[in-house]
Amino acid sequence: MIEPVKLEYKIRGSDFINAGEASSGTKKALNRLGVSPAAVKRAAIAMYEAEINAVIHADGGEAEVFIYSDHVIIRIIDQGPGIPDVSLAMQEGWSTAPDIAREMGFGAGMGLPNIKKHSDDMSIETEIGKGTTVTITVRFQV
Amino acid sequence: MAKLHSVRLNEDKCVGCTNCIKKCPTEAIRVRDGKARIAEERCIDCGECIKVCPHHAKSAEMDTLDALKPYRYTIALAAPSLYAQFGTPATRPMVLAALLNIGFDDVYEVAIGAEVVTKGTCDYLPLARSSSRLPLISSACPAVVRVIQEKYPGLIDNLVPFDSPMEVTAELARRDALARTNLKPQEIGIFFISPCPAKRTAVTNPIGNRLTQVDGVLAIAEVYPQILAKLEKMNPDQVVEFEQRILADATGVGWGASGGEAMGLQTEKYLVVDGIHNVIDILEEIENERLRDIEFIEANSCMGGCIGGPLTVANRFSAKSRMNRYIQEALVFEAEHQDSVYKPDRDVIRPWTEMPQANNALTLDPDIFKALEKYEQMEKITHHLPGLDCGACGAPDCAALAEDIVRGLAVESDCIFKLKERIRSVAAQMSELEFEMNRHTKPAEGEQEHGHT
């Protein structure tokens, strides 16, 4: 089994200027690797949403990306407040984003549902006061 | 095989500087052996390198007026941006008459095709809405279509799937000419007067359809002096004659500058972006689904739209001011001459028969396992390079050099800092060896003295 390509990024909290760098870097890598445009798009959208969540809610965190020959695993790790009720947070339109984020067009409550929509597998590990890890899997062939 | 791009390098003028490699949006240029080389498969013909080269070493391979010779009947298609090259007292009928006088048998306004495409796009919007192809992205700028094929292939389905105003106008012109003359289609030559090289490539390699109706593409800059000369000796009767012809309305004329295409659409939810680097930023936003409220994107590779094209003559800002005047005049003309304004004919819209394909020029290897390996290597090399992105190696930045090394097109010592490091270490080794050598060959002091006695 060939080792996956591993990419790592720092995500800075409340930094809306550079938000999205991790997902855009990952997208570039997937394009270079010849992954199908549809899969690249799904991975990029799912990762972008998770990355923005870490920027808005958790004062940043890290992104780890493992690219295999047929799928990619994206992990967004933060040490933020945690999600009290995951099933509630998975509902479209539900949001706890601060006003400033909403004014910038973020935090419409589409984040987690959108990640789920664009990924083949998604899991959330969260602990109140400790942080949240969102793990996203996107397969390259449908 | 038809050439994939129309931007060319003049080797004699190229001094091998870093201006073009830095500006190219697809990293298609490398300086090798002191000269810039354009990677055919990556060039999107945006013309940024033509604009930025201080030595004018980049040019576009375009047709000349000689290309008219084989045809019995020739028609010029005037891009809306052509008008904006000429200031007062020139009017649209005057520019069209002057263009005719330089040696064509007829002239057509591409603004007419633009109106057809505007109408088609309006009609297509509801379908795009229901098939989740929003935002629609204008396909009129070939450089934008090509950058999507290369960097954002996931957005190909968002393109407006119709031929450009140039093709639509050419189709109309050929139809009319066939009806009016007894000539065969191949005896009629149709020439687009273009602000950019990308339009020529769109003729040598048509987008969305295998066949083009255009027989040649001439740069605005090529015909500019002739038109100017004809404008100076304009016959007033001829101008009157042109004023009585069917003219395009303001919607079509407006396409010459950024914002003109969106202006004619029946949606307020549009976004206008110009300049290829800005276009790329917006495409990134679309791909991240960050533009959910937008239904239409007008994207122009050149700043200011077509009036900012690399093969235009007038300064873009003065052209913009003139464009506004031509639009105002068109509005007045429309109000006064309702029956001599062109009414878009729906049946001339030319839907694409084959969607543009993804261009995988950026892919490291067709085999994903090899690509992964190369990517890993590339990351390592990038990490190892100084990260100054100086361009002295001939690649636009350190990451691009790392890519070239992995592709086997460059070596690490192409980096002058790496080369210096190597020279330094070789020099250190040399002096070490010299010391060793002296120690072994030179006799010790005492022995030497002993030897002399």
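Quote the charge dipole size of the protein assembly as shown about the Cα centre in Debye, to the nearest 20; the model charges only the Cβ of Lys and Arg (+1) and of Asp and Glu (-1). Let's see the in-between values first.
Details: 64 positive and 85 negative charges, 238 e Å.
My answer is approximately 1140 debye.
Just to verify a number: FRET efficiency for B:GLU329 and A:GLU127, C-beta to C-beta distance, R0 = 56 Å, to 0.05? Intermediate results must be reported in sequence, preceding the final value.
Values: r = 69 Å, r/R0 = 1.23.
Efficiency for this residue pair is about 0.25.
Label points 7 Å out from Cα along the Cβ direction at B:GLN338 and B:CYS122: separation in nm?
1.7
Per residue of B:253-265, what is the mean number of Cβ atoms on other protein chains within 10 angstrom of that residue's Cβ?
0
On a 0 to 90° scale, report how tilted helix B:142-151 is relative to the longest principal axis of chain B, with both axes built from alpha carbons and the result rounded to the nearest 10.
Approximately 40 degrees, to the nearest 10.
For the range B:364-453, what is the accessible area per residue in Å², given a 1.4 Å probe and the full set of protein chains? Could you put the intermediate results ahead of the total?
Working: 6290 Å² over 90 residues.
Dividing the accessible area of the range B:364-453 by its residue count gives 70 Å².
If each of B:ASP347 and A:MET90 carries a label point 7 Å out from its Cα toward its Cβ, how far apart are those two points in nm?
If labels sit at B:ASP347 and A:MET90, their model points lie 5.6 nm apart.
Residue by residue through B:146-157, how many Cβ atoms from other chains fall within 10 Å of the Cβ on average?
Mean partner-chain Cβ count within 10 Å for B:146-157: 3.
What whole-number value in Å² describes the accessible area per residue of the range A:5-139 for a 1.4 Å probe?
Averaged over the residues of the range A:5-139, the accessible area is 45 Å².
Can you tell me the equivalent ellipsoid semi-axes for the protein assembly as shown? Use √(5λ) from the Cα gyration tensor, largest first, whole Å.
Over the Cα atoms of the protein assembly as shown, the semi-axes work out to 51, 37, 20 Å.
For chain B, list log₁₀ I(q)/I(0) at each q in 0.09, 0.13 Å⁻¹, using the Debye formula over Cα point scatterers of equal strength and ignoring solvent, two decimals each.
Per q value, in the given order, log10 I(q)/I(0) is -0.64, -1.17.
Using alpha-carbon pairs under 8 Å, 6+ residues apart, how would you state the relative contact order of chain B in percent?
It comes to 20 percent, rounded to a whole number.
Residue farthest toward the positive end of the dipole of the range B:158-286, with Cβ of Lys/Arg at +1 and Asp/Glu at -1: which of B:THR181, B:GLN266, B:ILE282?
It is B:THR181.
Averaged over its residues, how many other protein chain Cβ atoms are within 10 Å of peptide A:23-32's Cβ atoms?
Numbers: counts 3, 3, 0, 0, 6, 3, 6, 1, 10, 11.
Partner-chain Cβ atoms within 10 Å, mean over residues of A:23-32: 4.
Output the relative contact order of the range A:5-139, whole-number percent, from Cα pairs under 8 angstrom with separation of 6+ residues.
27
If each DSSP helix of 4+ residues adds -39,500 (n - 2.57) and the sum is divided by the residues in chain B, what number results at 222 nm, nearest 500 deg cm²/dmol?
Rounded to the nearest 500, it is -13500 deg cm²/dmol.
Per DSSP H run of n ≥ 4, the term is -39500 (n - 2.57); total these for chain A, divide by its residue number, and report the mean residue ellipticity at 222 nm rounded to 500 deg cm²/dmol.
Rounded to the nearest 500, the figure is -10500 deg cm²/dmol.
Note down, for the range B:70-146, the three equivalent ellipsoid semi-axes (square root of 5 times each alpha carbon gyration tensor eigenvalue), biggest first, whole angstrom.
On the way: eigenvalues 217, 46, 27 Å².
Working from the Cα gyration tensor, I get semi-axes of 33, 15, 12 Å.
Output the antiparallel fraction of DSSP beta bridges having both residues in the protein assembly as shown, as a percent to the nearest 5.
Restricted to the protein assembly as shown, the bridges split so that about 60 percent are antiparallel.
Work through the residues other than B:GLY87 whose Cβ is under 10 Å from its Cβ and net out their charges, Lys, Arg +1 and Asp, Glu -1.
+2
Mind checking the dipole of the range B:186-305: about its Cα centre, +1 per Lys or Arg Cβ, -1 per Asp or Glu Cβ, Debye to the nearest 20?
So the magnitude is around 380 debye.
Which of A:SER119, A:SER24, A:SER87 moves the most in a Gaussian network model of chain A with Cα springs under 10 Å?
A:SER87
Treat every Asp and Glu Cβ in the range B:65-348 as -1 and every Lys and Arg Cβ as +1, leave all other atoms uncharged, and give the resulting dipole magnitude about the Cα centre to the nearest 20 debye.
With Lys and Arg at +1 and Asp and Glu at -1, about 520 debye.
Give the share of C-alpha pairs in each 10 angstrom bin for the range B:137-193, from 0 to the last occupied bin, in whole percents, shortest bins first.
Bin by bin from 0 Å, the calculated values are 21, 36, 23, 17, 3.
Beyond a 18 Å Cα-Cα separation, which of these cross-linked pairs lie in this structure: B:LYS151/B:LYS370; B:LYS380/B:LYS418; B:LYS13/B:LYS51; B:LYS119/B:LYS343?
B:LYS151/B:LYS370
State, as an integer percentage, the relative contact order of the range B:7-60 based on alpha-carbon contacts under 8 Å between residues 6 or more apart.
Across the range B:7-60, relative contact order equals 47 percent.
Report, in cubic angstrom per residue, the convex hull volume of the C-alpha atoms of the range B:248-406.
Output value, Cα hull per residue: 190 Å³.
On the protein heavy atoms, probe 1.4 angstrom, tell me the percent of accessible surface of chain B carried by carbon and sulfur.
In chain B, the share of accessible area belonging to carbon and sulfur is 52 percent.
Could I have the simple spin-label model distance between B:ASP176 and B:ASP12, label points 7 Å from Cα toward Cβ, reported in nm to one decimal?
Between B:ASP176 and B:ASP12, the label points sit 4.2 nm apart.
Rule-of-thumb check for the range B:364-453: C-alpha Rg over 2.2 N^0.38 Å?
Cα Rg divided by the expected 2.2 N^0.38 Å: 1.86.
Tell me, what does the Kirkwood hydrodynamic radius of the range B:1-64 come to in angstroms if you use every pair of distinct C-alpha atoms?
11.7
Using every pair of alpha-carbon atoms in the range A:1-90, split the distances into 5 Å bins beginning at 0 and state the percent of pairs per bin, rounded to integers.
All Cα pairs, binned at 5 Å, distribute as 3, 14, 25, 22, 17, 12, 6, 1 percent.
Angle between the Cα long axis of helix B:110-130 and the longest principal axis of chain B, 0 to 90 degrees, nearest 10?
With rounding to tens, the tilt is 80 degrees.
Report the net charge of residues surrounding A:ASN31, where surrounding means a beta-carbon distance below 10 angstrom and charges are Lys +1, Arg +1, Asp -1, Glu -1.
After counting each charged neighbour, the total is +3.
Can you give the accessible area buried between chains B and A, summed over both chains, with a 1.4 Å probe, in Å² to the nearest 100?
2300
The values are calculated or read from the model by the stated rules, or taken from the named source; none is laboratory data. For clarity, every value in this text was computed on a predicted model and none was experimentally measured. Using ideal geometry, Cβ is built from the backbone for each residue, glycine included, and neighbour counts are taken over all protein chains shown. Accessible surface is based on the protein model in full, side chains and every heavy atom, while ligands, DNA and RNA are left aside. Shrake-Rupley method; radii C 1.70, N 1.55, O 1.52, S 1.80 Å.
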